[in-house]
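The values are calculated or read from the model by the stated rules, or taken from the named source; none is laboratory data. What you see is a predicted model; the values in this text were computed from it and never measured. Here the Cβ is made from the backbone with ideal geometry for all residues, glycine too, and neighbour counts use every protein chain on show. When the accessible area is computed, the model is the full protein with side chains, heavy atoms only, and any ligands, DNA or RNA have been set aside. Shrake-Rupley method; radii C 1.70, N 1.55, O 1.52, S 1.80 Å.
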Amino acid sequence: MSTTTTPIAVPAGRTAEAPPPRRPINIGRTLAWVFMVLVIVASLFPFYWMLRTALSSNNALYAGSDSVLPVQFSWGGFERVFGLQTGQEAIDAGGAGQPIAFWHYLLNSVIVSTLVTGGQVFFSAMAAYAFARLQWRHREKVFGFFLAGLMIPAIFTLLPNFVLIKQLGLVDTLLGVGLPTMLMTPFAVFFLRQFFLGISREVEEAALVEGASKVRVFFRLILPMSSAPLATLAILTYITSWNDYFWPLMVSYTDRSRVLTVALGVFKSQTPQTGPDWAGLMAATLVAALPMLVLFLFFAKRIVNSIGFSGIK
Amino acid sequence: MAISTAPPRPRRRDDTRLAIAFIAPALIGFLVFMVWPTLRGIYLSFTKFNLLTPPEFNGLDNYVRMVQDPVFWNSLKVTVYYVFVNIVIQTVFALVIAVMMQRLTKRTWLRGVILTPYLVSNVVAAMVFLWILDYQLGIGNKVIEMIGLDRIAFLSDSAWVIPTIALINVWRHVGYTALLIFAGLQTIPETMYEAGRMDGASEITMMRRITIPLLRPILALVLIITVVGSFQVFDTVAITTRGGPVDSSRVLQYYIYDMAFGRFQFGYASAMSVALLIILVIVTFVQYRLTRAESSDLS
């Protein structure tokens with residue numbers, strides 16, 4: 001905007017395109033915009049309120065509960081969340097006495113989501129390639145079997161999977177939290193297979209004639225050519241994994257494997273029952289939400305455009 | 001590897017070995033973490049199992065108990081009520097938002113803003129609304145008071161609790177649903193609307209006569225996805241009310257969780273999971289049939 005060197009782009013949009021033969025402002029359109037603005041406010045207001053509360057002093061929230069700006073600005077909420085306040089300071093400020101260290105949970109969440117995303121996307125891509133391009137007997141049957149997996153609601157497998165993870169001795173480990181979704185999801189295989197089927201065979205054949213092996217073709221040709229859908233899938237997988245609550249709630253018991261969503265629930269249950277530490281709670285909530293919001297800021301277009309039926313139908 | 005000497009042409013078009021290597025990790029994941037748990041979940045539903053000692057087969061005991069368990073029936077009722085409120089509000093809002101986006105602007109930023117709540121977890125959504133709707137200090141109740149109404153105990157009044165949880169989840173999911181519907185709207189040719197306008201049809205008429213009928217297969221798919229998801233509600237309840245007050249928000253999934261991890265009755269919990277699974281299969285099938293998802297009026 002500020003670096004105006006060529007005076008072509010900006011004014012052109014305004015003068016040339018602005019008045020197409022459109023009817024004068026009609027009431028319906030105005031009302032529709034009013035509705036849209038309300039929707040936007042409803043979508044974003046809770047985020048602002050998290051921030052406003054997180055930056056307030058908890059003890060001042062009673063008096064200033066209807067203040068639009070932070071009440072008695074303070075970093076105290078964040079300090080409690082990251083364990084920077086001593087027990088007594090925290091209690092005086094209205095928080096719980098137990099020290100909590102969200103850095104640790106943040107790190108756990110990053111590790112689990114990275115493991116799940118890396119593993120799931122890579123292994124699903126390999127399987128998808130086998131289903132799309134390799135010639136082998138029973139290929140379609142095995143694929144149909146995979147597809148049937150789409151019908152099983154994830155929730156049904158949670159209890160038995162917990163029993164399995166327990167038998168494997170992986171309860172309360174990061175690997176235990178990640179493992180069930182680390183190797184594949186039927187959706188990922190299906191989504192990538194669709195894409196691989198659309199890649200022109202000719203490039204591939206040319207590489208094969210030149211003597212490249214199929215493994216090489218997969219790594220050097222197919223994967224780079226599919227970087228866009230792979231990235232989309234990876235981002236969506238990361239978000240899903242980051243936001244998961246039910247499964248980690250079952251598997252993680254201590255700080256060793258606790259991820260942010262679960263930690264947030266624990267933090268909530270620790271806060272004093274009468275007069276909860278809302279400033280601290282909202283600071284923690286914001287910390288849990290922020291990484292995904294930042295991710296969204298960077299990849300908004302890709303994420304928004306990925307929502308449709310291309311993958312499902 | 002050994003390509004140089006062999007005659008290159010009729011390449012062996014059989015990659016079985018390579019294929020096995022390529023699908024092995026995914027296949028193991030599929031068998032171990034999807035197929036096996038499904039079968040095992042069904043098996044466990046016929047056993048008495050407390051996780052510490054091996055499961056004991058007990059026939060239909062769990063199912064008999066389930067049929068006679070008033071808490072189970074109550075939680076089923078609560079769940080259905082939740083799904084109904086959640087889906088009706090969410091679908092209506094999503095449809096209106098999608099149509100308006102189609103009509104007003106197709107800018108990505110707007111879609112991005114509307115999708116933002118979907119990016120955070122259910123836990124985050126539950127936490128922030130727990131605060132906004134707090135009886136004493138919540139800004140929601142302040143606003144209600146300012147308008148001149150009485151404060152509402154959103155999450156501790158048994159009449160309000162399910163609609164409130166449903167609304168929290170609408171907040172998080174409505175943007176996503178709207179974008180799915182919006183994607184469906186892009187498949188309707190603009191010429192249809194031009195023709196409608198020529199004939200002097202109003203926006204509302206066009207909505208009823210063009211948009212809804214042509215959107216039907218997409219709506220059906222959206223409904224199947226959202227209803228199945230809605231039946232599995234857990235996170236919001238676990239954070240906000242833990243099933244209370246009394247049992248008024250004890251949805252099925254929360255009851256199952258409580259039975260398994262609170263009381264270590266994995267057998268009975270599995271039986272209720274099987275019931276939920278069957279319900280979901282039936283719901284999907286019935287919806288598919290009712291909405292005739294396979295046929296569109298376009299074509």
| task | Go through the residues of the stretch A:288-300 one by one and say whether even a single one is facing chain B (nearest Cβ under 10 Å) and buried (at least 23 other Cβ atoms within 10 Å of the Cβ). | result | yes
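Each row is one residue, and each column tells you yes or no for (1) of a type in the set (Ser, Thr, Tyr); (2) at the interface with another protein chain (Cβ under 9 Å from one of its Cβ atoms); (3) open to solvent by 40 Å² or more (accessible area, probe 1.4 Å).
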| position | (1), (2), (3) |
| --- | --- |
| B:Phe182 | no, yes, no |
| B:Thr187 | yes, yes, yes |
| B:Met198 | no, no, yes |
| B:Leu276 | no, yes, no |
| note | Log entry, pairs with first residue in the stretch B:99-123 being facing chain A (nearest Cβ under 7 Å) and farther than 17 Å from A:Thr30 by Cα, second being basic (Lys, Arg) and assigned to a helix (DSSP H, G or I), beta carbons closer than 8 Å, six or more apart or on different chains, reads B:Thr108/A:Lys301; B:Gly112/A:Lys301; B:Pro117/B:Arg172; B:Val120/B:Arg172; B:Asn122/B:Arg172
| query | Applying the selection to the stretch A:171-220, what residues are facing another protein chain (nearest Cβ under 8 Å) and in contact with a Pro (Cβ under 6 Å, 6 or more places away or on another chain)? | reply | A:Leu183
| query | If B:Ser156 passes every condition in (1) at the interface with chain A (Cβ under 8 Å from one of its Cβ atoms); (2) outside any helix (DSSP H, G or I); (3) open to solvent by 30 Å² or more (accessible area, probe 1.4 Å) but one, which one does it miss? | reply | (1)
| field | Elements of type helices (runs of 4 or more DSSP H) contained in the stretch B:187-254, each with 3 or more residues being farther than 30 Å from A:Gln273 by Cβ and under 20 Å from the mean Cα position of the chain (by Cα) | value | B:212-231
| query | What tally of residues in the stretch B:113-153 results from selecting those that are open to solvent by less than 30 Å² (accessible area, probe 1.4 Å) and over 22 Å from A:Thr53 (Cα atoms)? | reply | 2
| remark: Over the stretch B:66-98, the set of residues crowded, with 16+ Cβ neighbours inside 10 Å and within 30 Å of A:Arg29 (Cβ to Cβ) is B:Ile87, B:Ile89, B:Gln90, B:Thr91, B:Phe93, B:Ala94, B:Leu95, B:Val96, B:Ile97, B:Ala98
| field | Scan of the stretch A:42-81 for residues that are closer than 15 Å to A:Ala289 by Cβ and of a type in the set (Lys, Arg), ordered by number | value | A:Arg52
| request: Among the candidates B:Tyr268, B:Tyr257, single out the residue that is of a type in the set (Ser, Thr, Tyr), in contact with a helix residue (DSSP H, G or I) (Cβ under 6 Å, 6 or more places away or on another chain) and within 13 Å of chain A (Cβ to nearest Cβ). | output: B:Tyr268
| query | Would it be correct to say that A:Ser57 is touching a helix residue (DSSP H, G or I) at 6+ places or on another chain (Cβ under 7 Å) and more than 7 Å from chain B (Cβ to nearest Cβ)? | reply | yes
| request: Could you check A:Val251 against (1) in contact with a Gly (Cβ under 6 Å, 6 or more places away or on another chain); (2) closer than 14 Å to A:Leu106 by Cα and say which number it fails? | output: (2)
| request: For A:Asn243, indicate whether it is of a type in the set (S, T, N, Q), facing chain B (nearest Cβ under 10 Å) and buried (at least 23 other Cβ atoms within 10 Å of the Cβ). | output: yes
| message | Given (1) modelled with pLDDT of 95 or more; (2) within 30 Å of B:Arg263 (Cα to Cα); (3) in contact with a helix residue (DSSP H, G or I) (Cβ under 9 Å, 6 or more places away or on another chain), identify the lone condition not met by B:Trp36. | response | (1)
| Of the residues in the stretch B:192-224, how many are free of Cβ contacts under 8 Å to residues at least 24 places away in the same chain and either within 28 Å of B:Leu280 (Cα to Cα) or not assigned by TED's automatic domain parsing to the domain that holds B:Gly175 (or both)? | 1
| said: Can you pull out every residue in the stretch A:59-87 that is open to solvent by less than 10 Å² (accessible area, probe 1.4 Å) and modelled with pLDDT of 80 or more? | reply: A:Gly77, A:Val81
| message | touching a Leu at 6+ places or on another chain (Cβ under 8 Å), modelled with pLDDT of 90 or more, at the interface with another protein chain (Cβ under 9 Å from one of its Cβ atoms) and closer than 22 Å to A:Pro229 by Cβ: is that true of A:Ala132 in this structure? | response | no
